[in-house]
Amino acid sequence: MLDNFSSINWNDLNTFLAVARIKSLRGAARFLNVNHATVKRRLDMLEAALETRLFDRTPDGFLLSQAGETLMVTAEAMEEQLVSTSRRISGRDGEPFGTVRVSMPPAMLRSFVASEIAEFVKQNPAIEIDVKASHSYSDLARGEADVAIRMADQVVDDLVGMRVCQYAKGVYASKKYLEDFDSVTPEKHAWIGWADDKPYPDWVKDTPFPDLPVRHKVFSNALQIEMAKNGVGFSLLPCFLGDVEKDLIRVPGTDVTPSNSIWILFHRDLKRTARVRAFVDYMVDAIRQNRPLLKGKAV
């Protein structure tokens, strides 16, 4: 087995890692941006080279065999070495050019952040932006992105960055929905729920309508906005999203409340990379200039 290990290339091990983490060939293919047959061929070649079975094929997906668990330790160590070396090489850039890979929540692309990114690109024509919008956090340690913009209370990763500004949330609804609101028979109305498992989440209890039912579980600012605009119910939204929607208004009698913060994060190996530094500096300044909007004081 050891004699054959030297013939294994990184693509084979990277494919192995993807299958081990996602537990399916098709999921790994999507992650690696290759087709299903390529993933299967690389995995078959790896198992043949090592003369062992790396996965148990089960109804729950591809689960690591004992040999696979042993290989996982080595593969992850090699991955970390490659990513770390790549970061250190990239970190020697002296001029701001090349690609900056940015991850952020989809809600950001509906806000002022989108226009600020467009302005940054205009001012820095030698830099290209590769944006990944996802509710999942990109793993900066594994090189999945160069910069992460997050909406969070705390950040526990071993990363360089800063809490740029805290934002506030408010209660929003369409004007038509408020005109039809009947406080005598409030059961006709409802909150649009997030992902809370409680029938009456704490944020509902602290509003003027603590007894309204909570319907649906919509863990998406964009869909919350569309449902509120279409009269589905009341929605709790970040002010920097709700205040700029012309079809929504803040519900009278409700107050804005402090929420999470916006963070800009990057790995310490990229601290001196010119293109990353240029993007981070620009976005920190842009977010701070929008502090009144973020804190719900722009209306």
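Bear in mind that the values in this text are calculations on the coordinates, not laboratory data. Since the structure is predicted, the reported quantities are computational estimates derived from the model, not experimental observations. In this analysis, Cβ positions are derived from the backbone assuming ideal geometry, glycine residues included, and neighbour counts consider all displayed protein chains.
Counting other Cβ atoms within 10 Å of each Cβ, which GluC sites (Glu not before Pro) in region 1-80 have at most 13 and sit in a DSSP loop?
Answer in residue order: 51.
Put +1 on the Cβ of every Lys and Arg and -1 on every Asp and Glu Cβ in region 95-299; which of 232, 103, 201 then has its Cα farthest towards the positive end of the dipole?
103
State the Cα centre-to-centre distance between region 209-240 and region 49-86 in whole Å.
43 Å
Under 5 Å between amide hydrogens, which residues at least 5 positions from residue 101 or on another chain qualify, with H placed 1.01 Å from N in the peptide plane?
When sequence neighbours closer than 5 places are left aside, the close amide H contacts are 130, 146, 147.
Expressed in nm to one decimal, what extension gain is obtained for the pair residue 77 and residue 45 from 0.36 nm per residue of sequence separation less their Cα-Cα distance? Mind showing how you got there, number by number?
Values: separation 32, 0.36 × 32 = 11.52 nm, distance 2.11 nm.
Separation in residues times 0.36 nm, less the Cα-Cα distance, equals 9.4 nm.
Restricting to region 95-299, what percent of DSSP beta bridges are antiparallel, rounded to 5?
Around 60 percent antiparallel, to the nearest 5.
Can you tell me the convex hull volume per residue for the chain, based on C-alpha atoms, in Å³ to the nearest whole number?
Here the figure is 165 Å³ per residue.
Quick check for me: using +1 on Lys/Arg Cβ and -1 on Asp/Glu Cβ, what's the dipole size of the chain about its Cα centre, in debye to the nearest 20?
Computed charge dipole of the chain: roughly 580 debye.
May I ask you to list the chymotrypsin sites (Phe, Trp or Tyr not before Pro) in region 201-256 that are in a DSSP loop and have at most 13 other Cβ atoms within 10 Å of their Cβ?
Details: sites: 203, 219, 234, 240; in loops: 219.
When the chymotrypsin sites (Phe, Trp or Tyr not before Pro) of region 201-256 are filtered for loop state and at most 13 Cβ neighbours within 10 Å, 219 remain.
I'd like to know which of 213, 124, 22 lies farthest towards the positive end of the charge dipole of the chain, counting +1 on Cβ of Lys and Arg and -1 on Cβ of Asp and Glu.
124
Mind grabbing the base-10 log of I(q)/I(0) for region 210-299 at q = 0.21, 0.23, 0.24 Å⁻¹? Debye formula, identical points on the C-alpha positions, no solvent, two decimal places.
-1.08, -1.20, -1.26
Counting other C-beta atoms within 10 Å, and keeping those with at most 12, which DSSP coil chymotrypsin sites (Phe, Trp or Tyr not before Pro) do you find in region 1-81?
Here no chymotrypsin sites (Phe, Trp or Tyr not before Pro) fit, given the DSSP loop and packing criteria.
For the pairs 217/271; 188/217; 175/295; 132/169, flag any whose C-alpha to C-alpha distance is greater than 30 Å.
In this structure, 217/271 lie more than 30 Å apart at Cα.
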